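Q: Okay, handing you the structure first.
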Amino acid sequence: MSAAQNIAGRRRLSQAELDMIVSAHEKFVTGKQGGKRASLRFMNLSGLDLSFRNLADADFSASILDGCRMVRTRLERANMFGADLRKADLRQAVLVRADLRGVCLRGANMAQADLTQADFREGQVAIPHPRKGLETLRHQARSGEVDEVNFSGATLDGSQFSGVSAFKADFSDCSLRGAKLVGANLKEANLSGAILDGADVRGANLEGVNFTGAVMAGVDTSTARTAGAAMQDCLRDPTERALSRVEEIHRRCLANQSWCKTGGKEGEPARLDGEDLRPLGDRLKGLRLTAMNASGACMVGIDLSGAQLQGANLQNADLRMANLRGADLRGAKLSGANLTKADLRQAFLSPLPLGPERKTLVILKSARLRYALLQAADLSEAVFDGADLQGADFTGARLSKASLRGCDLTQVQGLDFTPA
């Protein structure tokens, strides 16, 4: 075996060999006959393609996967302990609860990957002897290394980053709710627009970090190093005033529902302009809030699934990570709203009929819909002019006569129509 085929004792696989192993693993995962779990430990898989394959629970420990293409690959609970994933393309890959201890991801692209509860901490990595290969192993403690990795739009909720080096990594618009970042090196990282609710950053190096517009409720930076960090426009914990107004705001919303149910005889549309609605959590789920006014309101992460919001004024509202699944937003005003990572699956954003010849269109001009989920939504005639749609997923959405003037569609998923 030549040196090119044998990098420190690792067997080099061809694409054809890898495809056979993966096909057997996919049969194993789905319980079909002839299936066999993929054991790809100590392999050299550099530059090969695993995109769109199902490798859940596969074992890649200590293997070389540098430059691998793994777009949308399913790697739930995969063992990638000590693997070399430098410059790998893992966009939209699913790595829920994956073991990434001691992994090297320097320069990898993990944009929009799902890394919920993934473990990036230090690991004891076995290093083969340069000549004797796997016959002689020495163990080396290796910290997880994610320097300069692109995590933009990724989901990292509950992930383990304690002690990890993430120098100059891009975490923009990603979700790190409840992540453990104790002692991590995030120097000069980009966390603009990131959702960090409840993240633990004790003793972390946050020098020069860009936190502009990040959501940092429940984040204590008092023991972290924050020299030179940009923290303008960060969203912190709800104020005492916001917490004290929860019942009053809920009462107004119930009055809005009464107004809808009685055809205007009782109650009235809620006026919640500029209010912080985060403390309400899921109390607005499924409510009838037709014609509600909540322009400029803070609604980060709240549950409005199944709510009736026909004709609602939500201009410039902060709806990041909001659950609007199945909500009726016909005729809603959403100009300038921030819907980054919002869930709008199966939502209705089509025109609201007002009479035989009259209707109100949904206006999303200059709205921010980065990484928003819009699968199977009805967006007929919606006006998206000038909106930021980076990474948004329109798979299966109805977009007849929708207007997308001035929108950059290069990073949009699921668009198979000609815009109006």
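The values are calculated or read from the model by the stated rules, or taken from the named source; none is laboratory data. Every value quoted in this text rests on a predicted model; they were computed, and no experiment measured them. All Cβ positions, even for glycine, are placed from backbone atoms using ideal geometry, and neighbour counts span all protein chains on display.
Q: If you take the residues of segment 299-312 that are within 16 Å of CYS260 (Cα to Cα) and free of Cβ contacts under 8 Å to residues at least 24 places away in the same chain, which of them is surrounded by the most Cβ atoms within 10 Å (Cβ to Cβ)?
A: Restricting attention to segment 299-312, the residues satisfying the condition of being within 16 Å of CYS260 (Cα to Cα) are 306-312.
Now drop any that are not free of Cβ contacts under 8 Å to residues at least 24 places away in the same chain, which leaves 306-307, 309, 312.
Values: GLY306: 16, ALA307: 27, LEU309: 27, ALA312: 29.
Going through the qualifying residues, I end up with ALA312.
Q: Separate question: Could you check segment 81-100 and list, in sequence order, the residues that are within 21 Å of the chain's Cα centre (by Cα) and in a loop (DSSP other than H, G, I, E, B)? Spell out how you get there, then give the answer.
A: Narrowing segment 81-100 to residues within 21 Å of the chain's Cα centre (by Cα): 85, 87-100.
Across segment 81-100, the qualifying residues are LEU85, LYS87, ALA88, LEU90, ARG91, GLN92, ALA93, LEU95, VAL96, ARG97, ALA98, LEU100.
Q: Cβ contacts < 7 Å: first residue in a loop (DSSP other than H, G, I, E, B), restricted to segment 183-204; second residue of a type in the set (Asp, Glu), any location; separation 6+ or different chain. Result?
A: Qualifying pairs under 7 Å: LYS187/GLU207; GLY193/ASP173; ALA194/ASP173.
Q: Go through GLY274, GLY286, GLY296, GLY213 for me and flag whichever is closer than 30 Å to GLY144 by Cβ, at pLDDT 95 or above and part of a loop (DSSP other than H, G, I, E, B).
A: Working: GLY274 fails: closer than 30 Å to GLY144 by Cβ; GLY286 fails: closer than 30 Å to GLY144 by Cβ; GLY296 fails: closer than 30 Å to GLY144 by Cβ.
Of the residues listed, the single one that is closer than 30 Å to GLY144 by Cβ, at pLDDT 95 or above and part of a loop (DSSP other than H, G, I, E, B) is GLY213.
Q: If you don't mind, another one. Quick check, is GLU266 modelled with pLDDT of 95 or more and surrounded by fewer than 17 Cβ atoms within 10 Å (Cβ to Cβ)? Show your work before the answer.
A: Numbers: modelled with pLDDT of 95 or more: yes; surrounded by fewer than 17 Cβ atoms within 10 Å (Cβ to Cβ): yes.
Against the criterion (modelled with pLDDT of 95 or more and surrounded by fewer than 17 Cβ atoms within 10 Å (Cβ to Cβ)), GLU266 qualifies.
Q: Name every residue in segment 67-84 that is without any contact (Cβ under 8 Å) to a residue 60 or more places away in the chain and either polar (S, T, N, Q) or crowded, with 21+ Cβ neighbours inside 10 Å (or both), in order of residue number.
A: Quick first cut of segment 67-84, residues without any contact (Cβ under 8 Å) to a residue 60 or more places away in the chain only: 67-81, 83-84.
Correct list: CYS68, MET70, THR73, ARG74, LEU75, ALA78, ASN79, MET80, PHE81, ALA83, ASP84.
Q: Go through segment 330-388 residue by residue and tally those that are under 19 Å from the mean Cα position of the chain (by Cα), acidic (Asp, Glu) and over 19 Å from GLN308 (Cα atoms).
A: Final tally of qualifying residues: 1.
Q: Something else: Scan segment 336-389 for residues that are at pLDDT 95 or above and either in contact with a Cys (Cβ under 9 Å, 6 or more places away or on another chain) or in a loop (DSSP other than H, G, I, E, B) (or both) and report the count.
A: Matching residues across segment 336-389 total 37.
Q: Might you check whether a residue that is more than 15 Å from LEU364 (Cα to Cα) and either at pLDDT below 95 or among the hydroxyl-bearing types (Ser, Thr, Tyr) (or both) occurs anywhere in segment 308-318?
A: no
Q: Same structure, new question: Give me the residue from segment 144-169 that is buried (at least 24 other Cβ atoms within 10 Å of the Cβ) and without any contact (Cβ under 8 Å) to a residue 24 or more places away in the chain and, out of that set, farthest from ARG370 (Cα to Cα).
A: Step by step, filter segment 144-169, then rank; the result is ALA166.
Q: Being of a type in the set (Val, Ile, Thr) and either within 26 Å of LEU389 (Cα to Cα) or surrounded by 24 or more Cβ atoms within 10 Å (Cβ to Cβ) (or both) is the filter here; which residues of segment 170-204 pass it? So that I can check it myself, show each step before the final result.
A: Of segment 170-204, the ones of a type in the set (Val, Ile, Thr) are 182, 195, 201.
The answer is ILE195, VAL201.
Q: Are there any pairs, at least 6 apart or on different chains, whose C-beta atoms fall under 7 Å, with the first in segment 401-414 and at positive phi and among the basic types (Lys, Arg) and the second surrounded by fewer than 17 Cβ atoms within 10 Å (Cβ to Cβ) and modelled with pLDDT under 95, and if so, which?
A: Within 7 Å, the pairs are LYS401/ALA420.
Q: Determine the pairs where a residue that is free of Cβ contacts under 8 Å to residues at least 12 places away in the same chain, located within segment 35-55, has a partner that is aliphatic (A, V, I, L, M) and surrounded by fewer than 21 Cβ atoms within 10 Å (Cβ to Cβ) with Cβ atoms under 8 Å apart, the partner being 6 or more residues away or on another chain.
A: So the pair list comes out as GLY35/ALA24; GLY35/VAL29.
Q: Going by the conditions given, is ARG405 among the charged types (D, E, K, R) and within 21 Å of ASN313 (Cα to Cα)? It would help to see each step written out before you state the result.
A: Values: among the charged types (D, E, K, R): yes; within 21 Å of ASN313 (Cα to Cα): no.
Considered against the rule, which asks whether it is among the charged types (D, E, K, R) and within 21 Å of ASN313 (Cα to Cα), ARG405 comes out as no.
Q: Can you pull out the residues in segment 39-66 that are among the hydrophobic types (A, V, I, L, M, F, W, C), surrounded by fewer than 23 Cβ atoms within 10 Å (Cβ to Cβ) and touching an Asp or Glu at 6+ places or on another chain (Cβ under 7 Å)?
A: Matches in segment 39-66: ALA56, ILE64.
Q: Looking only at segment 225-248, which residues are assigned to a helix (DSSP H, G or I), crowded, with 17+ Cβ neighbours inside 10 Å and out of contact with any strand residue (DSSP E or B) (no Cβ under 7 Å at 6 or more places or on another chain)? Show your work before the answer.
A: From segment 225-248, those assigned to a helix (DSSP H, G or I) are 240-244, 246-248; that's our starting set.
Of the ones still in play, those that are also crowded, with 17+ Cβ neighbours inside 10 Å are 242, 246.
Across segment 225-248, the qualifying residue is only VAL246.
Q: Then there is this: Being at pLDDT 95 or above, over 15 Å from ALA189 (Cα atoms) and surrounded by fewer than 19 Cβ atoms within 10 Å (Cβ to Cβ) narrows it down to one of GLN112, GLN140, GLN117, so name that one.
A: Working: GLN112 fails: surrounded by fewer than 19 Cβ atoms within 10 Å (Cβ to Cβ); GLN140 fails: at pLDDT 95 or above.
Result of the check over GLN112, GLN140, GLN117: GLN117.
Q: Just give me the residues in segment 368-420 being closer than 21 Å to GLY326 by Cβ and among the hydroxyl-bearing types (Ser, Thr, Tyr), in sequence order.
A: TYR371, SER380, THR395, SER400
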